[in-house]
Amino acid sequence: MTTVLVLNGPNLGRLGSREPDVYGSGDLDDLCALLTADAPDGVTIDLRQTNDEAELIGWIYEAVDSGFPVILNPAAFTHYSYALRDAAALVSKAGLPLVEVHISNPHARETFRHTSVISGVATGVIAGFGFDSYRLALTAVTRAG
Ligand code: DHK
């Protein structure tokens, strides 16, 4: 039995109505339902969203202390939050996977989105596949071996 923390940063609580041409028309409840349906037996999906950097960092500590893999969409924090980067580094240092995901492909968008301060401490990065970015990440963190 394990829990996968699926952590979402600022403005992702507005999925469904926020720029559907970029982020699609599904909301976080739809995403949670998809991941829950995909989850292998014994894997619980714990999906959360916050606009608060400190809360997000606290959840990452929780993953480290509990031994939970992390799927992280840092949203705009991706591009400038060294505090979040330092917290994310604790996950990989603890031997746990942390997959950075993005719904869109930031590299195909504005220049400020081309930099991720998180990628260097992530186990891997998946971007540009809509909600399938998360589904691919779930496969990556739950596959045996
Ligand atoms: C989501 C955001 O909110 C943006 O700030 C990032 C990311 C891209 C996404 O594609 O999921 O630049």
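Quick test for you: out of THR50, THR44, pick the one residue that is in contact (Cβ under 8 Å) with a residue 40 or more places away in the chain, hydroxyl-bearing (Ser, Thr, Tyr) and within 15 Å of the ligand (Cβ to nearest atom). Going through THR50, THR44 in turn, just one is in contact (Cβ under 8 Å) with a residue 40 or more places away in the chain, hydroxyl-bearing (Ser, Thr, Tyr) and within 15 Å of the ligand (Cβ to nearest atom): THR50. When ALA94 is tested against (1) over 18 Å from LEU138 (Cβ atoms); (2) small (Gly, Ala, Ser); (3) free of Cβ contacts under 8 Å to residues at least 24 places away in the same chain, only condition (3) is not met. A single member of VAL4, VAL91, VAL99 is among the β-branched types (Val, Ile, Thr), under 15 Å from the mean Cα position of the chain (by Cα), within 20 Å of PHE129 (Cβ to Cβ) and away from the ligand (no atom under 14 Å from the Cβ), and it is VAL4.
Taking region 114-125 as the range and being open to solvent by 30 Å² or more (accessible area, probe 1.4 Å) and in contact with a strand residue (DSSP E or B) (Cβ under 9 Å, 6 or more places away or on another chain) as the test, the residues that pass are SER116, SER119, THR123, VAL125. Residues that are over 17 Å from SER133 (Cβ atoms), within 16 Å of the ligand (Cβ to nearest atom) and in contact (Cβ under 8 Å) with a residue 40 or more places away in the chain within region 54-83 comprise just one, LEU56.
The values are calculated or read from the model by the stated rules, or taken from the named source; none is laboratory data. From a predicted model like this one, the values you see are computed outputs, not experimental measurements. All Cβ positions, glycine included, derive from the backbone under ideal geometry; neighbour counts span all protein chains shown. Side chains are part of the model used for accessible areas, which takes the heavy atoms of the whole protein and leaves out ligands, DNA and RNA. Shrake-Rupley method; radii C 1.70, N 1.55, O 1.52, S 1.80 Å.
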